[in-house]
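The values are calculated or read from the model by the stated rules, or taken from the named source; none is laboratory data. Fair warning: this is a prediction, and the values are worked out from it, not measured in the lab. Every residue, glycine as well, gets a Cβ built from its backbone with ideal geometry; the counts of neighbours run over all protein chains shown. Just the protein is used for accessible areas: all its heavy atoms, side chains included, with ligands, DNA and RNA removed. Shrake-Rupley method; radii C 1.70, N 1.55, O 1.52, S 1.80 Å.
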Amino acid sequence: MEASKWLGHATRLAGAGAGRTPIIDLRRGVSAAYYALYHGLTGHAAAHALPGLPTEQLALRRSYGHGTMKSACTWVMGSAKPGGRRVRRVIALASDDARMVRVAETFIDLQQGRHDADYDHTAAFSKSAVTAAVTQSANAVRDLADGRGLDGYIAFMALLTLGARDLR
């Protein structure tokens, strides 16, 4: 599923106009904003790894793990370092691209929001918070598109595509 469809879904869940949006819709809206970026990232990474092979890209998209993607994002943000040195130069390339750093930060923020929405029954959400999450996700998806082909983008796509064991 494409990022734009997830963004539209999240926007509808946030509710339009005046009135109170049901809390379940707000929670699902936060989750949908995360999945918009998640699917945007997997789509870009698969297309980068397998250019021109749409069927194989679809199969590859299903192999991306949320945890591995989170690890790659924390490294690009500079908030964690990988265990080994093999990928540090690749991480440095991605980290030098402000767009890719923003994408990584947004992924981490939205993933935490999704966990809160899906698992923390005490977490509160507002229509404006869901709208902000959708905007944040849309901006990150746009940053991905704008960075396509640049060194930082290429490095980030490689990090996302490698498995957790490969990233040590």
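How many residues, within the stretch 118-132, are out of contact with any Gly (no Cβ under 6 Å at 6 or more places or on another chain), aliphatic (A, V, I, L, M) and open to solvent by less than 50 Å² (accessible area, probe 1.4 Å)?
Within the stretch 118-132, residues that are out of contact with any Gly (no Cβ under 6 Å at 6 or more places or on another chain), aliphatic (A, V, I, L, M) and open to solvent by less than 50 Å² (accessible area, probe 1.4 Å) number 2.
Inside the stretch 99-117, can you point out the residues that are more than 12 Å from the chain's Cα centre (by Cα) and open to solvent by 60 Å² or more (accessible area, probe 1.4 Å)?
Matches in the stretch 99-117: ARG99, HIS115.
Surrounded by 12 or more Cβ atoms within 10 Å (Cβ to Cβ), at pLDDT 90 or above and either acidic (Asp, Glu) or over 20 Å from LEU150 (Cβ atoms) (or both): does that describe GLY29?
yes
List the residue pairs whose Cβ atoms are under 9 Å apart, where the first residue sits in the stretch 139-168 and is open to solvent by 40 Å² or more (accessible area, probe 1.4 Å), the second is among the acidic types (Asp, Glu) and at pLDDT 90 or above, and the two are 6 or more positions apart or on different chains.
Every condition considered, the pairs that remain are LEU150/ASP97; ASP151/ASP96; ASP151/ASP97.
Starting from residues that are of a type in the set (A, V, I, L, M) and over 16 Å from ARG114 (Cα atoms), keep the ones in the stretch 67-81 and report whichever is most open to solvent (accessible area, probe 1.4 Å).
Looking at the filtered set, the residue picked out is MET77.
In the stretch 11-93, which helices (runs of 4 or more DSSP H) lie fully inside it and hold 3 or more residues that are under 19 Å from the mean Cα position of the chain (by Cα) and under 14 Å from GLN111 (Cα atoms)?
Those helices (runs of 4 or more DSSP H) span 23-49, 66-77.
Would a scan of the stretch 45-59 turn up a residue that is in contact (Cβ under 8 Å) with a residue 24 or more places away in the chain and of a type in the set (Asp, Glu)?
No, because not a single residue in the stretch 45-59 is in contact (Cβ under 8 Å) with a residue 24 or more places away in the chain and of a type in the set (Asp, Glu).
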